[in-house]
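What follows is a set of notes on a single structure, which appears directly below.
The values are calculated or read from the model by the stated rules, or taken from the named source; none is laboratory data. Just so you know, these numbers come straight off a predicted model, no measurement behind them. Because the Cβ atoms are built from the backbone with ideal geometry, glycine has one as well, and the counts that use them run over all protein chains shown. Heads up: the accessible areas ignore ligands, DNA and RNA and are worked out on the full protein's heavy atoms, side chains in. Shrake-Rupley method; radii C 1.70, N 1.55, O 1.52, S 1.80 Å.
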Amino acid sequence: MPSTWQWTPSSAIGPHRTPGLWELENRWWTHSRLCAVAGLRSLARELPGRAARRWDSLAGAILRETRRRCLTPEGHWTRAEGDSGAEAGLLLPLARGCLPAGDPSGPRTRRFIEDRLAQDGYLYRFRHGDMPLGEAEGAFLLCGFMMVLAAHREGDSISAFRWFERTRAACGPLGLFAEEYDVGQRQLRGNLPQAFVHAQMLEAAARLGIRRHG
């Protein structure tokens, strides 16, 4: 039996608080909203027509409401409504084209994340309260490759290659990546091997190769 439920701007942007990547509480999270925007816009590009216009309209509605709630007066995105912290997971929807071309909030968010979550060339996913970076968990290698993709989309090739080479260096003797990397001890942490990290590394390498040789 076909479902009678339909996607609408109201069903997508409220009152639901569906969690996404690392979204552990019932809050208005930025990452899952921006990922939805990127996905809907990708669908609209690939499948033009009446449905595409609905998807594009829905993406615009989600983006406007999320911008109202989660964009700071300084012009960068934060983790969630009421949370001013940096979130490296936001790099993925930025790399996937959630924002219109030329939107300054993308580069500002990337700089905000790098300023607050980078250490010795590696990137943490977010800060745990007032604890120093590296105390609660290691740097997330997935986030380093997300930074590569975000910098690449902005046309910042130097930063993209720098982040790629630094993050790539955190593999083990067999060339495998773990989930996390202990920057101080220079040791792998967490799940090994971590499939998501390998997939993101391969995508980053392919995109950098296209930019270099295209």
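Could you pull out the residue among C143, C98 that is assigned to a loop (DSSP other than H, G, I, E, B) and open to solvent by less than 20 Å² (accessible area, probe 1.4 Å)? Walk me through how you get there before you give the answer.
Details: C143 fails: assigned to a loop (DSSP other than H, G, I, E, B).
Just a single option satisfies the conditions, and that option is C98.
Tell me yes or no: at least one residue of segment 107-115 is loosely packed, with under 15 Cβ neighbours inside 10 Å and farther than 17 Å from L149 by Cβ. Quick ask: steps written out before the conclusion?
Kept after step one, since they are loosely packed, with under 15 Cβ neighbours inside 10 Å, are these residues of segment 107-115: 111, 115.
Then keep just the ones that are farther than 17 Å from L149 by Cβ; that gives 115.
Yes, that holds for at least one residue.
How many residues does segment 1-57 hold that are at pLDDT 50 or above and of a type in the set (F, W, Y)?
4
Tell me whether segment 165-180 contains one or more residues that are assigned to a strand (DSSP E or B) and either surrounded by fewer than 17 Cβ atoms within 10 Å (Cβ to Cβ) or not basic (K, R) (or both). I'd like the intermediate steps shown before the answer.
Applying the first criterion (assigned to a strand (DSSP E or B)) to segment 165-180 yields 180.
Narrowing further to those that are either surrounded by fewer than 17 Cβ atoms within 10 Å (Cβ to Cβ) or not basic (K, R) (or both): 180.
Within segment 165-180 (the criterion being assigned to a strand (DSSP E or B) and either surrounded by fewer than 17 Cβ atoms within 10 Å (Cβ to Cβ) or not basic (K, R) (or both)), the answer is yes, since at least one residue qualifies.
Can you tell which of L63, L91 is closer than 24 Å to L192 by Cα and outside any loop (DSSP other than H, G, I, E, B)?
Details: L63 fails: closer than 24 Å to L192 by Cα.
One residue alone meets the criteria, L91.
Pairs needed: first member in segment 169-180, under 14 Å from A195 (Cβ atoms); second member anywhere, hydroxyl-bearing (S, T, Y) and open to solvent by less than 30 Å² (accessible area, probe 1.4 Å); C-beta distance under 9 Å; at least 6 residues apart or different chains.
F177/T167
Restricting segment 66-80 to residues that are assigned to a loop (DSSP other than H, G, I, E, B) and either within 11 Å of H31 (Cα to Cα) or within 16 Å of the chain's Cα centre (by Cα) (or both), which is modelled with the highest pLDDT?
Here is the first cut: in segment 66-80, the residues assigned to a loop (DSSP other than H, G, I, E, B) are 72-76, 78-79.
Within this subset, residues satisfying the condition of being either within 11 Å of H31 (Cα to Cα) or within 16 Å of the chain's Cα centre (by Cα) (or both) are 76, 78-79.
On the way: H76: 97, T78: 94, R79: 92.
Restricting to residues being assigned to a loop (DSSP other than H, G, I, E, B) and either within 11 Å of H31 (Cα to Cα) or within 16 Å of the chain's Cα centre (by Cα) (or both), the top hit is H76.
Could you check P132 against (1) open to solvent by less than 10 Å² (accessible area, probe 1.4 Å); (2) part of a loop (DSSP other than H, G, I, E, B); (3) not hydroxyl-bearing (S, T, Y) and say which number it fails?
(1)
Return yes or no: is T78 polar (S, T, N, Q) and touching a residue at least 24 places away in the same chain (Cβ under 8 Å)?
Numbers: polar (S, T, N, Q): yes; touching a residue at least 24 places away in the same chain (Cβ under 8 Å): yes.
Yes; evaluated as a whole, the condition is true for this residue.
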